[in-house]
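Following: one structure in structure tokens, then a few remarks.
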Amino acid sequence: MVNNLQPSSDNSLGVIYKPSELLGMFTSYLSKQDVNLKVIYLRGIYLKNPKHDPRWIYRYDILRDEDTQTEITLQISQKLCSELKDGNLVTVGGVLGRRVQNNSHIQLMLVVSRVEIVQEQVVDEEEQKRIEFRRKKVQIGYKNIDGILEQKLFIDERPRVALVFATTSITMSDFNAGINAAKSAIDFYEQRVNFANIKDLITLLKELDRQKYDVIALVRGGGGGIESLDELDVLDMIVEMQTPIIAAIGHVEEKLFIKQIVDKEAPTPNGLGQYFSDLVEAVSEKKNKSRAVLTEQIKKQFQEQLIAGQKQNKELQEKLVSLTKTQEAAQRLHKEQVEVAHKQNQELQKKLVGISKANEDAQKLHKEQVEVAHKQNQELQKKLAGISKANEDAQKLHKEQVEIAHKQNQELQKKLAEISKANEDIQKAHVEQMSKQSKEFNDSLKMMQETNDNLNKSLQKLTTQNTQVAKDLNEAKERGRELERQLEEARLKTNKGCLGMIVTIITIVGVACYAICLIL
């Protein structure tokens with residue numbers, strides 16, 4: 001247990017301050033010095049800050065010493081730097097300012113109020129290329145290493161970090177302590193290379209970039225040979241890398257250009273180890289806080305859901321009672337409807353039985369009518385057979401009469417010379433009579449065709465109307481009697497000539513056909 005320090009009565013320990021109090025006192029002391037009360041002028045090479053945010057009111061650019069890499073930050077307005085370009089040799093005037101950081105670092109800056117360009121583009125070709133690398137890195141964009149690592153740590157996924165050390169370097173104790181504290185959540189992979197051998201360094205960086213690490217860290221202490229990291233080939237490789245890269249190179253006061261184009265800069269290797277340790281601890285605290293908040297939210301949601309469930313259960317029970325009553329009423333109504341439907345069904349069955357009986361009677365009557373029609377059809381066929389026989393007798397008689405007429409005609413031809421004039425008159429009259437008879441024959445034939453059409457229509461009606469059969473049969477009988485009468489008349493008119501006989505026979509055949517069609 002650590003005992004709290006209390007000042008003794010003799011004030012041997014003196015007054016104990018907090019770190020923030022000490023920084024506050026030091027800031028107050030600096031603000032009261034004469035150097036802050038007057039405008040001072042500085043001369044150097046102006047370099048624009050590639051990480052400047054356009055939303056800021058001021059720019060925080062760099063003024064570099066002409067002979068060394070020593071730099072100071074310039075707080076300068078957009079208007080004053082509108083005509084300045086990277087590499088201008090300038091003289092700037094302003095008051096000295098400072099920015100005290102929580103890690104006890106105090107950054108001096110010049111709050112610029114006036115600018116004078118001494119010379120355009122005094123930087124050499126190599127420096128121009130470095131500036132171009134910085135501009136290209138700004139266009140590509142700086143990767144958020146903090147966000148990448150925190151996101152993986154927060155979901156309990158171990159980030160993969162490649163640590164690139166110099167071949168002969170000795171891991172510092174502070175750095176090693178920070179790394180060991182972070183190894184519980186981050187996987188570190190140590191790589192060794194000679195930083196002075198540019199070719200080997202570039203080859204290693206290309207290989208690490210292909211292996212898809214989450215972060216690559218360049219770790220090197222200060223001392224001789226560190227300037228090899230600012231070689232153009234190395235800077236070009238750093239800009240083109242897809243993997244986020246963090247640099248912990250040299251000391252704070254060592255100004256290397258590579259620090260401006262990496263995605264994140266740690267002040268020293270020891271600071272990098274502390275960065276990983278602090279990051280793991282900060283994410284762990286966030287996770288613990290989020291778990292506690294999440295637990296409270298879940299508990300609150302569960303209570304709200306429980307109350308809502310009880311309320312919903314009560315409402316459901318009330319609805320269930322209502323639905324039960326509704327269902328009972330519906331069942332009673334259904335039972336009544338079933339009884340009514342059953343009665344209606346019984347009545348319909350009775351009606352169906354009556355309809356079936358009436359249908360059977362109708363079928364029986366239809367059968368009887370068909371039998372009567374069949375019987376009448378047989379009788380008509382017998383009469384037709386008699387008519388056919390009589391027709392044959394008439395034809396036989398006609399043949400005999402034709403033979404007799406032929407003999408008489410031969411006798412008459414002998415007298416033809418005597419009565420030729422009279423015969424011409426007779427022939428003329430005969431032609432007129434033949435024309436008249438031919439017209440009458442055509443009319444009769446047309447009438448027979450119309451009669452035949454009517455018979456076809458009657459036949460269609462006969463198939464659909466069975467009750468009309470008896471009436472048609474009676475008409476057939478009447479036409480049979482008419483046929484007998486016409487046959488009798490045909491016998492009497494046989495001696496009137498051959499043409500009259502043919503007309504009579506055709507008429508008889510037409511009537512017979514009509515009778516047959518009527519029967520069928």
* To do: Sort out which residues of the range 44-76 are of a type in the set (A, V, I, L, M) and exposed (fewer than 13 other Cβ atoms within 10 Å of the Cβ), and write them in order of number.
  => Ile57
* Structure fact -> If we ask which residues in the range 164-174 are surrounded by 14 or more Cβ atoms within 10 Å (Cβ to Cβ), modelled with pLDDT under 80 and hydrophobic (A, V, I, L, M, F, W, C), their number turns out to be 1
* Can you find a residue in the range 93-105 that is in contact with a Phe, Trp or Tyr (Cβ under 9 Å, 6 or more places away or on another chain), modelled with pLDDT under 85, closer than 30 Å to Arg135 by Cβ and surrounded by 14 or more Cβ atoms within 10 Å (Cβ to Cβ)? -> no
* Return the only residue of Gly224, Gly250 being farther than 30 Å from Ile155 by Cβ and touching a Ser or Thr at 6+ places or on another chain (Cβ under 9 Å). => Gly250
* **Pair list, Cβ < 8 Å and 6+ apart or interchain, from the range 19-43 residues that are surrounded by fewer than 12 Cβ atoms within 10 Å (Cβ to Cβ) to residues that are in a loop (DSSP other than H, G, I, E, B) and modelled with pLDDT under 70** => Pro19/Ser104
* To do: Identify the residue in the range 298-319 that is aliphatic (A, V, I, L, M) and at pLDDT 85 or above and, among all such residues, is surrounded by the most Cβ atoms within 10 Å (Cβ to Cβ).
  => Leu316
* Of the residues that make up the range 267-284, is at least one over 18 Å from Gly178 (Cα atoms) and either modelled with pLDDT under 90 or not aromatic (Phe, Trp, Tyr) (or both)? -> no
* To do: Consider Val234 carefully, then state whether it is assigned to a helix (DSSP H, G or I), without any contact (Cβ under 8 Å) to a residue 40 or more places away in the chain and β-branched (Val, Ile, Thr).
  => yes
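Just to verify a result, which residue in the range 62-82, among those that are in a loop (DSSP other than H, G, I, E, B) and under 55 Å from the mean Cα position of the chain (by Cα), is farthest from Lys259 (Cα to Cα)?
Step one: filter the range 62-82 for residues in a loop (DSSP other than H, G, I, E, B), giving 65-70, 78-82.
With under 55 Å from the mean Cα position of the chain (by Cα) added as a condition, the list becomes 78-79, 81-82.
On the way: Gln78: 25, Lys79: 28, Cys81: 23, Ser82: 25 Å.
Result: Lys79.
Report whether or not Lys375 is farther than 28 Å from Leu492 by Cα and either modelled with pLDDT of 80 or more or not in a helix (DSSP H, G or I) (or both). If you could, list the steps in order and put the result at the bottom.
Details: farther than 28 Å from Leu492 by Cα: yes; either modelled with pLDDT of 80 or more or not in a helix (DSSP H, G or I) (or both): yes.
Yes.
Can you tell me which residues in the range 400-416 are part of a helix (DSSP H, G or I) and among the hydrophobic types (A, V, I, L, M, F, W, C)?
Of all residues in the range 400-416, those part of a helix (DSSP H, G or I) come to 400-414.
Residues satisfying the conditions are Val402, Ile404, Ala405, Leu412.
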* Asked: Just for the range 202-251: of the residues that are surrounded by 14 or more Cβ atoms within 10 Å (Cβ to Cβ) and among the hydroxyl-bearing types (Ser, Thr, Tyr), which one is modelled with the lowest pLDDT?
  -> Ser228
* Given the residues Phe175, Phe133, which is the only one that is part of a helix (DSSP H, G or I), of a type in the set (Phe, Trp, Tyr) and more than 30 Å from Gln78 (Cα to Cα)? -> Phe175
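The values are calculated or read from the model by the stated rules, or taken from the named source; none is laboratory data. Model, not experiment: these values are computed from the prediction. FYI the Cβ positions are ideal-geometry reconstructions off the backbone, even for glycines, and counts take in every protein chain you see.
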